[in-house]
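We did not get these values from a lab; they are worked out from the coordinates using the rules stated. Bear in mind that the values here come from a model prediction, so they are computed numbers and not experimental data. Neighbour counts run over all protein chains shown; Cβ positions are idealised from the backbone, glycine included.
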Amino acid sequence: MEGPNKSVIIEITNLYKKYPKSKVNSLNNINFCVFKGEKVGFFGPNGAGKTTFISLLCALFEPSNGTIKFTLNNQHFSPKAFRKHIGFVPQEFAFYEELTAYQNLSYFGALYEIPSDILKEKINTLLSKLGLSHVKNAKLTTFSGGMKRRINLAIGLLNEPEILFLDEPTVGVDIQSKTAIFSLLNELNAEGTTIVYTSHHLKEAEDFCNRIALIDAGSIIACDKLENLLIENNVPDLEQLLLTLTGNQLRD
């Protein structure tokens with residue numbers, strides 16, 4: 001299957017997910033494709049199913065029903081094998097604060113079994129691009145929130161992933177850190193990295209994503225380029241689109 005000059009990396013067909021102790025499905029009859037080289041964003045209210053859906057895209061667990069096909073360069077992969085080609089940047093900080101920036105990146109790079117000479121070069125390149133070279137030997141306990149976000153991103157990029165998953169990558173950061181983060185993300189995307197993104201910063205998403213998917217009650221209720229969705233629903237921006245399609249009811 002192909003999009004506009006794009007091959008499919010992940011193809012989901014008739015997917016359902018129900019957790020063992022739940023009385024209802026978390027996901028219902030999802031059909032979706034992630035295309036190589038795109039920047040696709042997933043948005044929806046709390047409890048809509050975004051986390052479960054992203055977890056399935058990351059091959060972290062199996063669906064209850066339906067199929068997920070993982071493909072890279074016309075080669076099909078098992079979920080376990082596909083995970084080696086994924087980078088994941090969680091909302092929670094995933095590093096050791098008592099270690100330095102360089103030590104953290106060295107540790108996670110070793111887990112990927114990156115040869116030491118190549119790893120050293122990767123670390124220095126990432127630190128430079130994210131404006132952290134001058135603090136590479138400082139413990140992360142001394143870092144600001146924006147600096148920690150940038151290290152979180154660097155860790156997710158060490159294995160040069162084909163597809164990068166971002167969960168609230170800029171929450172709590174200043175404009176300088178946000179600019180550095182998106183500058184690197186757009187550079188990676190221009191080089192071919194596929195990016196799957198979710199955030200509550202909707203204006204940020206409007207500027208970054210080239211395709212938008214809205215999820216509510218375990219179903220994808222809309223998916224297209226943002227400009228098409230805005231015209232179709234006669235709304236001015238992503239925030240109003242989300243409210244129009246999911247309602248004003250609180251989702252605690």
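Using modelled amide H (1.01 Å from N, peptide plane; none on Pro or chain starts), what sits under 5 Å from the amide H of Ala222, excluding residues fewer than 5 places away?
The answer is Leu214.
Give a residue-ordered list of calculated ³J(HN,Hα) values for segment 166-174 (Karplus: 6.51 cos²θ - 1.76 cosθ + 1.60, θ = phi - 60°; whole Hz; x for Gly, Pro).
10, 10, 6, x, 10, 5, x, 10, 7
Normalised by the residues of the chain, what does the relative contact order come to in percent, with Cα pairs under 8 Å and at least six apart?
Relative contact order here is 26 percent.
Quick check on the chain: helices-only [θ] at 222 nm, where DSSP H runs of length 4 and up contribute -39,500 (n - 2.57) each and the sum goes over total residues. Nearest 500, please.
Result for the chain: -10500 deg cm²/dmol, rounded to the nearest 500.
Grab the beta carbon distance between Ile118 and Asp207, set R0 = 45 Å, and tell me the FRET efficiency rounded to 0.05.
Once the sixth-power term is evaluated, E becomes 0.85.
For the pair Ser144 and Val8, what calculated FRET efficiency results from E = 1/(1 + (r/R0)^6), where r is the Cβ-Cβ distance and R0 = 45 Å, to the nearest 0.05?
Computed FRET efficiency for Val8 and Ser144: 0.70.
What per residue convex hull volume, in Å³, do the alpha-carbon atoms of the chain yield?
Hull volume over Cα atoms, normalised by residue count, gives 143 Å³.
Within straight cross-link reach of Lys225, meaning Cα distance under 19 Å, which lysines are found once same-chain residues fewer than 8 apart are removed?
List returned: Lys6, Lys36, Lys39, Lys50, Lys203.
Once phi is turned into ³J(HN,Hα) by the Karplus curve 6.51 cos²θ - 1.76 cosθ + 1.60 with θ = phi - 60°, what whole-Hz value does each residue of segment 104-115 show in order, with x for glycine and proline?
4, 5, 5, 5, 5, x, 5, 5, 7, 6, 7, x
Considering amide H positions built from the backbone, and no H for Pro or chain starts, which residues 5 or more places from Lys136, or on another chain, come under 5 Å of its amide H?
Amide H neighbours of Lys136: none.
List every residue whose amide H lies under 5 Å from the amide H of Ile9, counting only residues 5 or more places away in sequence or on a different chain, with H placed 1.01 Å from N in the peptide plane.
Residues meeting the criterion, in which the H sits 1.01 Å from N, are Val34, Phe35, Lys36.
Can you run phi through the Karplus equation (6.51, -1.76, 1.60; θ = phi - 60°) for segment 68-78 and list ³J(HN,Hα) in whole Hz, with x for Gly and Pro?
Along segment 68-78, the couplings run 10, 10, 10, 9, 9, 6, 6, 10, 7, 10, 6 Hz.
Identify all lysines with a Cα-Cα distance to Lys129 below 18 Å; exclude those on the same chain that are fewer than 8 residues away in sequence.
Lys120, Lys148, Lys178
Hey, quick one: spin label on Val24, modelled 7 Å out along Cα-Cβ, who in segment 63-77 has an amide N within reach, i.e. under 19 Å?
Within reach of a label on Val24, which here means backbone N under 19 Å from a point 7 Å along Cα→Cβ, segment 63-77 contributes 64-65.
Most fluctuating residue of Thr141, Thr67, Thr51 in a GNM of the chain with Cα springs under 10 Å: which is it?
Its mean-square fluctuation being the largest, the pick is Thr141.
So, in nm, how far is label Arg83 from label Gln240 when the simple model puts each one 7 Å beyond its Cα toward the Cβ?
4.4
From Cα pairs below 8 angstrom and at least 6 apart in sequence, can you work out the relative contact order of segment 132-252, rounded to a whole percent?
17
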